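The values are calculated or read from the model by the stated rules, or taken from the named source; none is laboratory data. What you see is a predicted model; the values in this text were computed from it and never measured. Backbone-built Cβ (ideal geometry, glycine too); neighbour counts: all protein chains shown.
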Amino acid sequence: MKHILSFDIAKGKSVYCFIDELKNVIIDATLIEHNKSEFDKLYSLIKDYSNLIIIMESTSIYHLPVENYFRSKAIDTIVMNPKLIKQFKDTLNKSKTDKLDCFKIARCYLGTIDNFHYKNDEYFMYNPLARQYWSLVEGQTRLKNRYKQLIEIVFPEFNLIFNDLYDDLALNFIHDFPHPSLFANRRIDYLMNYLKDKNGTTKAYRFKNKVLKMKELASNSLCFVTFDSLQVQNLVQTIEMIQYHKSEINKIKNQLIDEIKDKKLFKIINSIP
């Protein structure tokens, strides 16, 4: 017979209950603080029961200490999707304990057990990398929006000079010449060679039209901030953060590819556009 320890998790504390698969209550709803001594006491109460399963709802990062504690004890531990629990409709008669989420989570598990997908070791190995990747991607989106704002304040004509403000050539140039006064009076050949070197090509003449255009736009700009203004400093700083995020995103992406390219699911995942 299965024995289910179910947690309703909050920040730093949880309410748990312990039932069997026939929904007989062994331990009623009980508050527990998230510290080792309390969890060790709980473990001593349940460890001798057969077919132990730990159930909890995914709650951002707050369920992770509880999940990791029981996984370290080699006990089957399942983290459920909150939407699944919310949508679950119990056919049992209501009672007082039915109002407590720890019982609802346990009942939801028992009602959907046949359709459960268990996380394997690969999930726990690569999930932190994937979470970090998407966190950096979200951060990069915010930085790009801020970058676009600052371009409009400092020198909106950068949009007419570069087709893509986020490619390496544009980021490098705007970082080194964030204000029109910094390149308006520069020699044409100097700017052409700068762009050639940053673009990794051997032919500077390819950039002559771009340089002539940027000098013309700079001389005719209504730019209202000075080259030493806080807005210009913010623009440079934002570009540095974008470049750092870009590097870290690519590093994590390559690490994930290198580590899962020989796994069974890689071809399926890699085929998703």
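Kindly provide the set of residues from segment 201-229 that are out of contact with any Phe, Trp or Tyr (no Cβ under 7 Å at 6 or more places or on another chain) and not in a helix (DSSP H, G or I), ordered by number.
The answer is Thr201, Thr202, Lys203, Asn220, Leu222, Phe224, Val225, Thr226, Phe227, Asp228, Ser229.
Just to be sure I understand, how many residues within segment 183-225 are within 17 Å of Glu152 (Cα to Cα) and either of a type in the set (A, V, I, L, M, F, W, C) or surrounded by 12 or more Cβ atoms within 10 Å (Cβ to Cβ) (or both)?
Result for segment 183-225: 8.
Check off (1) in contact with an Asp or Glu (Cβ under 7 Å, 6 or more places away or on another chain); (2) at pLDDT 95 or above for Phe173 and give me the number that stays unchecked.
(1)
Considering (1) assigned to a helix (DSSP H, G or I); (2) touching a residue at least 60 places away in the same chain (Cβ under 8 Å); (3) not charged (D, E, K, R), say which one Tyr166 fails and leave the rest.
Here Tyr166 meets the rest and fails (1).
Restricting attention to segment 15-52, which residues are touching a His at 6+ places or on another chain (Cβ under 9 Å), aliphatic (A, V, I, L, M) and either within 17 Å of Asp101 (Cβ to Cβ) or in contact (Cβ under 8 Å) with a residue 60 or more places away in the chain (or both)?
Within segment 15-52, Ile19 is the sole residue that qualifies.
Please go through segment 124-160 and give me each residue that is in a helix (DSSP H, G or I) and more than 21 Å from the chain's Cα centre (by Cα), ordered by number.
Lys148, Gln149, Leu150, Ile151, Glu152, Ile153, Val154, Phe158, Asn159, Leu160
Of everything in segment 46-72, what is assigned to a helix (DSSP H, G or I) and loosely packed, with under 13 Cβ neighbours inside 10 Å? Give them in sequence order.
Asn68, Ser72
Filter segment 234-251 for residues that are within 17 Å of the chain's Cα centre (by Cα) and surrounded by fewer than 17 Cβ atoms within 10 Å (Cβ to Cβ) and give the result.
Listed by number, the residues that qualify are Met241, Tyr244, Lys246, Ser247, Glu248, Asn250, Lys251.
Please list, ordered by first then second residue, the pairs with beta carbon atoms under 7 Å, 6 or more apart or interchain, first in segment 183-200 and in the same structural domain as Leu217 (by TED's automatic domain parsing), second in a loop (DSSP other than H, G, I, E, B).
Between residues of segment 183-200 that are in the same structural domain as Leu217 (by TED's automatic domain parsing) and residues that are in a loop (DSSP other than H, G, I, E, B), the close pairs are Phe183/Phe177; Leu191/Phe183; Lys196/Lys203.
Going by the conditions given, is Tyr109 at pLDDT 80 or above, in a loop (DSSP other than H, G, I, E, B) and in the same structural domain as Ile27 (by TED's automatic domain parsing)?
Taking the combined requirement at face value, the residue does not satisfy it.
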